[in-house]
Amino acid sequence: SKEHAPQRYAICFAESMGLGHLECLQRIRSKVCESLNLPSFWDLSVMQGMEVDADAGLTYDPSSNLNWWGSCGLDDNSLSIMQDLVDTSFRKRYTRDRRGAKVPDGLRVVKGVRIQNALNWAEFVAAATRIKEEVASLRASGDSVLDTVSELKTAHALLTTGQKFHELDEKYTLDGDANCAWLWHGTSEAAADSISKGDFRIDKAGSNAGTLFGRGVYLAESCSKSDEYSQENADGLRCLLLCRATLGNVNYCDQKRP
């Protein structure tokens, strides 16, 4: 909010001077983060003020182009859960976007981080709220609504625990009224870093593998499908983003060439 712009600027400046550890700034940081209605499970101690690039894909106040952003490394238990979700959603199936490459037997999670992007979260919550209201309005008017995706691979019971991913912990909970889902996106490490610090940029859609349905954000229920669009980094590792997505009233199409 505009009323907290001076505090955000002060913290950003203090951190650039290496003073972010001061107790007084920690209190200001907590107050500002609370005003942004961030999830209760976010680790506010890692949040830092950072300037938003004009082409980051985020909507912001030009008079105060600051965002709150943080990255939390996943512990062994969280990595194990992610591996379980990867195994559960993996399908060894060749599609044309493999471009002749071999389909792997499986994917192994080597490391992971949870991204805490305040402006991105605020935009997501606003969009989910709007979509939830639109779905409710359609229902009230008697219109046909497709607000669930049956047999979604990321919603299956996990192979190891037998529990569903979105029911394991508060961090993974989804808003069913807005038809939210966990979906994968494969990309390069550089693109993943840019997306995590901003948002998906629709003008960049298809720059790697085309746009079958036009410009938009392309996500998949199967990690092996998203892996087709990932790229190896210098260490031979590939990057997948696990995204909290709001689907709303789904426009379903199963044509091979729509």
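What's the total number of residues in the stretch 97-132 that are closer than 30 Å to Leu66 by Cβ, in contact (Cβ under 8 Å) with a residue 12 or more places away in the chain and of a type outside the set (Lys, Arg)?
Here is the first cut: in the stretch 97-132, the ones closer than 30 Å to Leu66 by Cβ are 111-132.
After this cut, where a residue has to be in contact (Cβ under 8 Å) with a residue 12 or more places away in the chain as well, the list is 111-125, 127-129, 131-132.
Now narrow it down to the ones that are of a type outside the set (Lys, Arg): 112-113, 115-125, 127-129, 131.
The number of residues fulfilling the criteria is 17.
Checking the conditions here, which among Gly73, Gly112, Gly106 is more than 18 Å from Gln231 (Cα to Cα) and either under 17 Å from the mean Cα position of the chain (by Cα) or surrounded by fewer than 16 Cβ atoms within 10 Å (Cβ to Cβ) (or both)?
Working: Gly112 fails: more than 18 Å from Gln231 (Cα to Cα); Gly106 fails: more than 18 Å from Gln231 (Cα to Cα).
Exactly one residue qualifies, and that residue is Gly73.
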| When residues of the stretch 218-236 are limited to those that are closer than 22 Å to Ala157 by Cβ and of a type in the set (A, V, I, L, M, F, W, C), the one surrounded by the most Cβ atoms within 10 Å (Cβ to Cβ) | Cys223
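Within the stretch 237-254, work out how many residues are within 16 Å of Leu146 (Cβ to Cβ) and open to solvent by 30 Å² or more (accessible area, probe 1.4 Å). If you could, list the steps in order and put the result at the bottom.
Keep residues of the stretch 237-254 that are within 16 Å of Leu146 (Cβ to Cβ), which gives 245-254.
Imposing the further condition that a residue be open to solvent by 30 Å² or more (accessible area, probe 1.4 Å) reduces the set to 246-247, 249-254.
Of the residues in the stretch 237-254, 8 are within 16 Å of Leu146 (Cβ to Cβ) and open to solvent by 30 Å² or more (accessible area, probe 1.4 Å).
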| remark: Counted residues in the stretch 133-152 being open to solvent by 40 Å² or more (accessible area, probe 1.4 Å), in contact (Cβ under 8 Å) with a residue 60 or more places away in the chain and either touching a strand residue (DSSP E or B) at 6+ places or on another chain (Cβ under 8 Å) or assigned to a helix (DSSP H, G or I) (or both) come to 3
| note | Across (1) open to solvent by 70 Å² or more (accessible area, probe 1.4 Å); (2) of a type in the set (Phe, Trp, Tyr); (3) in a helix (DSSP H, G or I), Trp121 clears everything bar (1)
| query | Of these, Ser40, Ser45, Ser71, Ser78, which one is of a type in the set (Ser, Thr, Tyr) and assigned to a loop (DSSP other than H, G, I, E, B)? | reply | Ser40
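The values are calculated or read from the model by the stated rules, or taken from the named source; none is laboratory data. Bear in mind that the values here come from a model prediction, so they are computed numbers and not experimental data. Cβ sites come from the backbone with ideal geometry, for glycine too, and all protein chains shown count toward neighbours. Just the protein is used for accessible areas: all its heavy atoms, side chains included, with ligands, DNA and RNA removed. Shrake-Rupley method; radii C 1.70, N 1.55, O 1.52, S 1.80 Å.
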